[in-house]
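Colleague: Pasting a structure here, questions to come.
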Amino acid sequence: MDASILQELQKIPLFSTLSGGQSSCLDLGEIVHLEAGTVLANQGEPLNAFYVLLEGEMRVSKNYENQAVLMGVAKPGMFLGEISLLLDSDNLATVRALKPCRLFRLDKDGFWHMLSGCPSVASQIFRTMATRVRNLEGYSQQREKLASLGTMAAGLAHELNNPATAARRASANLREVVERLQSCACELHESLSPEHWQPLVDISQSAIARLAKPVPLDSVARSDREDVVAAWLGRHGVADSWKLAPAFVNAGLDGGELAAFATKLPREALTNAFGWLEASLSLHSLLNEVEGSTTRIAELVKAVKAYSYMDQSPMQKVDVHEGIENTLIMLGHKLKNVTVTRKYDRAIPRIMAYGGELNQVWTNLLDNAIDAVKGTGKICVATFLDDDQVVVEIADNGSGIPPEVQSHIFEPFYTTKGVGSGTGLGLVISSRIIADRHGGEIEFESVPGDTRFKVRLPIKRASAQPNAG
């Protein structure tokens with residue numbers, strides 16, 4: 001990518017936190033121009049790219065009963081297209097250039113490449129998308145699907161923040177550790193003879209191997225060991241002993257092992273030798289932390305693609321367990337204090353289904369169960385076969401659905417949640433997906449402390465059902 005374009009992009013808030021190395025996640029993008037009056041995307045048509053507006057203005061409108069409702073005006077620095085790509089659906093609004101526009105464009109592959117390689121950008125996109133989705137909820141019956149996506153986006157923004165922060169912290173510390181390692185190595189090169197290097201290499205390799213399988217220690221035991229190691233280092237004239245001790249304890253090194261190692265080196269080289277050893281161990285720990293964080297980010301992005309059934313046909317052979325597990329990942333931020341029990345019959349067959357739509361059902365039912373237990377109770381997810389049907393049962397130990405409410409829960413816009421907290425369409429849309437699209441049914445039973453929703457899906461279907469209204 002041209003350096004001037006990259007410099008321009010990094011002035012935009014979305015990309016302002018990218019470091020030099022991370023900017024490669026934008027390499028698949030291109031600059032496009034639109035004349036005033038040009039339609040970038042029509043409502044109901046595919047929008048297979050992600051756009052960032054660099055210059056100009058764009059009008060975003062949505063049609064309701066043949067009336068175009070203005071949703072907003074996009075200004076330079078704003079982005080669009082993320083909802084359609086993540087939802088793998090047609091565009092939800094019409095976007096038209098009000099003035100000559102210049103945009104940065106990423107196609108679908110480039111968009112997913114950016115999410116995988118730029119966690120800070122992905123986190124901002126999910127946060128913004130969650131806000132946009134909440135704003136769109138009130139405009140159409142599609143809002144319940146958007147609510148599910150909003151839940152997913154908010155959860156991903158939360159889940160991505162932890163590994164992204166850990167990766168940034170580790171990356172920031174790497175430079176200091178490498179400089180320390182090089183400094184100690186230079187000093188040791190002057191003070192150690194060739195035969196002294198082998199003990200240093202041996203203890204380093206042994207300690208690094210133990211880092212991969214650390215012995216769990218509680219905070220008190222760890223602190224005590226660090227004090228012992230630091231005291232031993234101090235008695236032997238090693239500078240900054242309190243800084244070195246934590247790395248040695250993490251690697252399982254104790255005073256006896258350090259003492260045996262010290263006898264093999266000149267006393268005047270001990271400070272640099274232990275400094276080199278600590279820097280070497282810290283370097284491996286930081287690299288492991290970066291690897292673990294980026295692996296977690298990749299797993300989350302993979303779960304998003306699996307959840308929305310990206311790059312796959314809508315109707316296909318589906319394993320309901322995969323969809324449930326991906327949905328649990330999406331809702332992970334809400335499940336921190338909830339005990340989730342799985343009772344899966346892994347012998348149940350795959351079924352022909354619309355995987356993305358089933359995931360919307362799992363999201364609605366699980367989200368309701370989380371609300372019922374107030375984020376701290378127990379939820380059980382079970383699967384089993386019953387009369388040529390695959391049954392998914394989601395149970396919670398919340399306060400239950402009051403008897404006077406039970407006859408209304410499948411009515412449109414009926415909700416027991418507070419204003420702004422529920423759309424009243426979740427179970428309605430879920431019922432349509434199961435009954436109209438899959439020829440199945442949803443049933444429930446509820447008493448205080450035990451509410452169970454059962455989704456029944458036929459193993460064999462006569463034909464594909466028409467689209468649900």
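Colleague: So which of 440, 424 is of a type in the set (Gly, Ala, Ser), at pLDDT below 85 and surrounded by 16 or more Cβ atoms within 10 Å (Cβ to Cβ)? Steps first, answer last, please.
Modeller: Working: 440 fails: at pLDDT below 85.
The match here is 424.
One line per residue, one yes/no per condition, for (1) part of a strand (DSSP E or B); (2) at pLDDT below 85; (3) among the hydrophobic types (A, V, I, L, M, F, W, C):
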position	(1), (2), (3)
279	no, no, yes
293	no, yes, no
300	no, yes, yes
348	no, no, yes
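Colleague: What is the one condition in (1) modelled with pLDDT of 90 or more; (2) within 25 Å of the chain's Cα centre (by Cα); (3) among the polar types (S, T, N, Q) that residue 397 does not satisfy?
Modeller: (2)
Colleague: Another question about this same structure. List every residue pair whose Cβ atoms lie under 6 Å apart, where the two residues are 6 or more positions apart in sequence or sit on different chains, the first residue falls within the range 37-65 and is farther than 19 Å from residue 114 by Cβ and small (Gly, Ala, Ser), and the second residue, located anywhere, is open to solvent by 60 Å² or more (accessible area, probe 1.4 Å) and assigned to a loop (DSSP other than H, G, I, E, B).
Modeller: As it stands, the answer is 56/99; 56/100, since those pairs meet every condition given.
Colleague: State all residues of the range 217-241 that are open to solvent by 70 Å² or more (accessible area, probe 1.4 Å) and either among the hydrophobic types (A, V, I, L, M, F, W, C) or not in a helix (DSSP H, G or I) (or both); if no residue qualifies, say none.
Modeller: 218, 220, 228, 240
This table checks each residue for (1) open to solvent by 20 Å² or more (accessible area, probe 1.4 Å); (2) not in a loop (DSSP other than H, G, I, E, B).
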| residue | (1), (2) |
| --- | --- |
| 37 | yes, no |
| 40 | yes, yes |
| 50 | no, yes |
| 59 | yes, yes |
| 63 | yes, yes |
| 68 | yes, yes |
| 73 | yes, yes |
| 76 | yes, no |
| 86 | no, yes |
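Colleague: Here is a follow-up. Considering every residue within the range 12-23, establish whether at least one is outside any loop (DSSP other than H, G, I, E, B), more than 22 Å from the chain's Cα centre (by Cα) and within 30 Å of residue 294 (Cβ to Cβ).
Modeller: Initially, the range 12-23 is screened for residues outside any loop (DSSP other than H, G, I, E, B), giving 13-15, 22-23.
Now restrict to residues that are more than 22 Å from the chain's Cα centre (by Cα): none.
No, that holds for no residue.
Colleague: Do the conditions hold for residue 289, that is, is it open to solvent by 50 Å² or more (accessible area, probe 1.4 Å) and either modelled with pLDDT under 85 or not basic (Lys, Arg) (or both)? Write out each step before concluding.
Modeller: Numbers: open to solvent by 50 Å² or more (accessible area, probe 1.4 Å): yes; either modelled with pLDDT under 85 or not basic (Lys, Arg) (or both): yes.
Taking the combined requirement at face value, the residue satisfies it.
Colleague: Provide a single number: the residues in the range 309-358 that are over 21 Å from residue 459 (Cα atoms) and not charged (D, E, K, R).
Modeller: Step one: filter the range 309-358 for residues over 21 Å from residue 459 (Cα atoms), giving 310-311, 326-342.
Now drop any that are not not charged (D, E, K, R), which leaves 310, 326-333, 335, 337-341.
Going through the range 309-358 one residue at a time, the tally reaches 15.
Colleague: Would you confirm whether or not the range 9-31 contains a residue that is open to solvent by less than 50 Å² (accessible area, probe 1.4 Å), β-branched (Val, Ile, Thr) and at pLDDT below 90?
Modeller: Checked against the condition, which is being open to solvent by less than 50 Å² (accessible area, probe 1.4 Å), β-branched (Val, Ile, Thr) and at pLDDT below 90, the range 9-31 yields no hits at all.
Residue-wise test of (1) in contact with a helix residue (DSSP H, G or I) (Cβ under 6 Å, 6 or more places away or on another chain); (2) of a type in the set (Ser, Thr, Tyr); (3) at pLDDT 90 or above; (4) within 24 Å of residue 130 (Cβ to Cβ).
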| residue | (1), (2), (3), (4) |
| --- | --- |
| 34 | no, no, yes, no |
| 78 | no, no, yes, yes |
| 84 | no, yes, no, yes |
| 89 | no, yes, no, yes |
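The values are calculated or read from the model by the stated rules, or taken from the named source; none is laboratory data. All of these numbers come straight from a predicted model, not from anything done at the bench. For neighbour counting, all protein chains shown are included, and Cβ atoms are generated from backbone atoms with ideal geometry for every residue, glycine included. Surface areas here come from the heavy atoms of the whole protein model, side chains and all, with no ligands, DNA or RNA. Shrake-Rupley method; radii C 1.70, N 1.55, O 1.52, S 1.80 Å.
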